[in-house]
Amino acid sequence: MTLFSRVLGLVRDVVIASYFGASGSADAFFIAFKIPNFMRRLFAEGAFSQAFIPVLSEYRERQDHAAVQQLVDRVAGTLGFILLMVTIVAVLAAPVLTAVFAPGFYTGHSDKFQLASEMLRITFPYLLLISLTAFSGAILNTYGRFAIPAFTPVLLNICLIGSAVFLSPMFDEPIVALAWGVLMAGTVQLVFQLPFLAHLKLLPKPVFGWQDEGVQRILKLMLPALFGVSVAQINLLLDTVLASFLQTGSVSWLYYSDRLTELPLGVFGIAISTVILPSLARKHASRSAKEFAHTLDWAVRMILLIGLPASLALILLAEPLIITLFKYGELTARDVAMSAMSLQAYACGLLAFMLIKVLAPGYFSRQDMKTPVKIAVQAMVANMILNLLLIWNFQHVGLAMATALSAFLNAGMLLRGLIKEGVFKWQPGWMLLLIRLFLALFALLAVIVWLSPPADIWMAGDVWMRVRQMLLVVVGGGAAYVCVLLLAGLRLGHIRA
């Protein structure tokens, strides 16, 4: 379901690129969408889920259904009230938020600033709706119902595609249709999950109850978690703030390249993280330290097996991928070249982005929020310094490079901390796995270089030539990678959780 959602997300971005390119209006929409989307990842899918799932898992493990229902009701009421207040303030102060998140628009691009502020008033309520959707999804994930929350983002993509194709001609400023599509998607996503909560007999009946013991625990865990799991998002936001001072198109170039990095990160990194967090929380609650360590080791092995080939392929195929997916309609050849360079920089950090997603639950599942916060703050400071050092010579590409480098610092410190605490333990077979992995990566590299034509041939081809050639390269490289792993003796049983 996650794979389906991410593929449809690419279709959505192809449509947006075709209709709006990397124009000033596109920059304005990406800012208006990024602000609530950033807060969603920071609060809803980041801090809230990481704090809520361990507490809910503990209630499910140790208390009766009535106690679980009471916790759900009070969390729903408290979360909903807080988010409603935040939404009202944000809608009223939309120009201020736009100036904070895109100061370059305020100082030098008055038209983009006005348009971004106008669209932010429409898109910001999405935070309230999608946070309640994430709350519903966290309950479903805790009870092993992973498919429904994973499918839910499909509805966002459908709404945005429909808005671009059918609604945009109805507006004087066509891109405003996308802002309304975001608001529509938030409503549809929340309503979609409610019947499945009713099936679990956990449909929330919101009650404001911030003094409840369980709610207090969640709130206390959330505060440090705001930085812990979402440092990559904060770094990307810093990129956007600085990019708003650069030439027109910089925000869009970073957006398109980030979206391609998000495909393997979302399909595999976030999916594995989503699955292991409730599992680790249950194993910690039942005091199964050996199984806890085994699950973490399995997750890291899976990330290496998926993240390294994905990173290598994105670096080698950056320009062909941008051409195949986005070089239609309003997107220019210069936009392709600029987006490809930042994609290569992001791709260098893909493995680190994915490792953060599976290492952070090793702390959150044990309700240890302080350690990831300390690590996140150090990584954020490093990212800010690197941004300022690299932006002068490399412009938007330097921002992507800084994000990748700080992600490796974050992942390395998380891993070191887990090893030091004795929570993560290397399981047998690592050396053999690395040898097999090296051989398979060499095969992948050789096949991609052999099958991929020069960039000018990609640029000259029509859509069917591009898609056909890209499928040949991707399937050929993937097949070579898997075949060499199998011939080297790797079996799924070797990395079973």
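Search the range 303-351 for residues being of a type in the set (D, E, K, R) and outside any helix (DSSP H, G or I), and hand back the single one that is most open to solvent (accessible area, probe 1.4 Å). Per the stated criteria, the residue is 330. Of the helices (runs of 4 or more DSSP H) lying entirely inside the range 23-99, those containing at least 1 residues that are modelled with pLDDT of 90 or more, of a type in the set (Phe, Trp, Tyr) and surrounded by fewer than 20 Cβ atoms within 10 Å (Cβ to Cβ) are 65-92. Just one residue in the set 460, 488 is out of contact with any helix residue (DSSP H, G or I) (no Cβ under 7 Å at 6 or more places or on another chain) and open to solvent by 30 Å² or more (accessible area, probe 1.4 Å); that residue is 460. Residues that are under 16 Å from residue 478 (Cβ atoms) and of a type in the set (A, V, I, L, M) within the range 305-321 comprise 305, 306, 308, 310, 312, 313, 314, 315, 316, 317, 321, listed in sequence order.
Restricted to the range 217-256, and to residues there that are within 14 Å of the chain's Cα centre (by Cα) and outside any helix (DSSP H, G or I), the residue that is modelled with the lowest pLDDT is 229.
When the range 427-452 is filtered for residues that are in contact with a helix residue (DSSP H, G or I) (Cβ under 7 Å, 6 or more places away or on another chain), outside any helix (DSSP H, G or I) and on the phi < 0 side of the Ramachandran plot, the ones remaining, listed by number, are 427, 452.
Does residue 395 satisfy the criteria of being over 20 Å from the mean Cα position of the chain (by Cα) and more than 15 Å from residue 346 (Cβ to Cβ)? No: the conditions fail for residue 395.
Quick grid of which residues meet (1) touching a Gly at 6+ places or on another chain (Cβ under 7 Å); (2) of a type outside the set (S, T, N, Q); (3) open to solvent by 30 Å² or more (accessible area, probe 1.4 Å):
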position	(1), (2), (3)
149	yes, yes, no
161	no, yes, yes
166	no, yes, yes
170	no, yes, yes
173	no, yes, yes
177	no, yes, no
182	no, yes, no
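Inside the range 438-454, residues that are free of Cβ contacts under 8 Å to residues at least 12 places away in the same chain and under 17 Å from residue 324 (Cα atoms) make up a count of 1.
Results for (1) within 30 Å of residue 334 (Cβ to Cβ); (2) at pLDDT below 90, shown as yes or no for each residue.
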site: 391; (1), (2): yes, yes
site: 396; (1), (2): yes, yes
site: 401; (1), (2): yes, no
site: 415; (1), (2): no, no
site: 423; (1), (2): no, yes
site: 429; (1), (2): no, yes
site: 437; (1), (2): no, no
site: 442; (1), (2): no, no
site: 446; (1), (2): no, no
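Of the listed requirements (1) touching a Lys or Arg at 6+ places or on another chain (Cβ under 6 Å); (2) surrounded by fewer than 20 Cβ atoms within 10 Å (Cβ to Cβ), residue 105 misses just one: (2).
A Cβ distance below 8 Å, combined with a sequence gap of six or more or placement on separate chains, defines the contacts here; from the range 131-143, residues that are free of Cβ contacts under 8 Å to residues at least 40 places away in the same chain and surrounded by fewer than 24 Cβ atoms within 10 Å (Cβ to Cβ) reach no residue that is of a type in the set (Asp, Glu) and in a helix (DSSP H, G or I).
Any idea which residue in the range 352-387 is surrounded by the most Cβ atoms within 10 Å (Cβ to Cβ), counting only those that are among the polar types (S, T, N, Q) and part of a helix (DSSP H, G or I)? In this case the residue turns out to be 383. Within the range 172-183, residues that are free of Cβ contacts under 8 Å to residues at least 40 places away in the same chain and closer than 21 Å to residue 130 by Cα have Cβ atoms under 8 Å from residues that are assigned to a helix (DSSP H, G or I) and open to solvent by 10 Å² or more (accessible area, probe 1.4 Å) in these pairs: 177/167; 177/170; 181/159; 181/162; 181/167, counting only partners at least 6 apart in sequence or on another chain.
The values are calculated or read from the model by the stated rules, or taken from the named source; none is laboratory data. Here the structure is a predicted model, which means the values were calculated and not measured. Quick reminder, even Gly has a Cβ in these numbers, built from the backbone with ideal geometry, and neighbours come from all protein chains shown. The area values use the complete protein model at the heavy-atom level, side chains included, leaving out ligands, DNA and RNA. Shrake-Rupley method; radii C 1.70, N 1.55, O 1.52, S 1.80 Å.
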